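The values are calculated or read from the model by the stated rules, or taken from the named source; none is laboratory data. This one's a predicted model, so the numbers in the text were calculated from it and none came from an experiment. Neighbour counts are summed over all protein chains in view; Cβ atoms, including those assigned to glycine, are modelled from backbone coordinates with ideal geometry.
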Amino acid sequence: MDQLASTLFRLRFLLCRFVVLRSNSRLEAALQSDNIPQALNFGPNEESLSVSEIIQIAEEYYQGKLKVEFSTNSVSNEEDSLDLDSGLAYAFLKWQPKLNPRVATIWTLDWWEWVIRNQREPLEACKENLRMFLESNQSDPNS
């Protein structure tokens, strides 16, 4: 993932999660605190996927239509994994992830499909993610 794609991924992730948190009563209470964190990370409790695992999921998602080129340059600015520490989000909001990293990656690919290919507004795509989440919350969203 190049830096722009990585940044867009994080922004999309945070935007969708903000919409969920905005209606959360814990957030309301937390905002009354004098110790509001400047930033929170929202990520998996379990070990993050490696970049190569994310690429493998994307290749499966796009059913062979994805072409990935690996640089032969030995100097890279990219990380091997995309780790996020959600400890502060848990401490401040008691937030815990509901999706495993694989399902979250697939939902992220869905979101990009809706926005880029289907020309949907990002907020509408976030609302669709939320609808899917609320429907899947009746059962296990990771199945």
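Cβ-Cβ distances below 7 Å connect the following pairs, each with a first residue in segment 26-50 that is part of a loop (DSSP other than H, G, I, E, B), a second residue that is modelled with pLDDT of 70 or more and charged (D, E, K, R), and a separation of six or more residues or different chains: ASN41/ASP85; SER48/ASP83.
Looking only at residues in segment 89-130 that are under 20 Å from GLU59 (Cα atoms) and basic (Lys, Arg), which one is modelled with the lowest pLDDT? Here the residue is ARG117. A search for C-beta distances below 9 Å between a residue of segment 82-99 that is over 11 Å from ASN45 (Cβ atoms) and any residue that is among the β-branched types (Val, Ile, Thr) and modelled with pLDDT under 85, counting only pairs 6+ apart in sequence or on different chains, returns LEU82/VAL51; PHE92/ILE36. Somewhere in segment 54-71, is a residue charged (D, E, K, R), assigned to a helix (DSSP H, G or I) and either out of contact with any strand residue (DSSP E or B) (no Cβ under 8 Å at 6 or more places or on another chain) or at pLDDT 65 or above (or both)? Yes: segment 54-71 contains one or more residues that are charged (D, E, K, R), assigned to a helix (DSSP H, G or I) and either out of contact with any strand residue (DSSP E or B) (no Cβ under 8 Å at 6 or more places or on another chain) or at pLDDT 65 or above (or both). Cβ separations smaller than 7 Å between residues 6+ apart or across chains give the following pairs from segment 129-143 residues that are assigned to a loop (DSSP other than H, G, I, E, B) to residues that are at pLDDT 80 or above: PRO141/LYS98; PRO141/LEU99; PRO141/VAL103; PRO141/PHE133; ASN142/LEU99; ASN142/ASN100; ASN142/VAL103.
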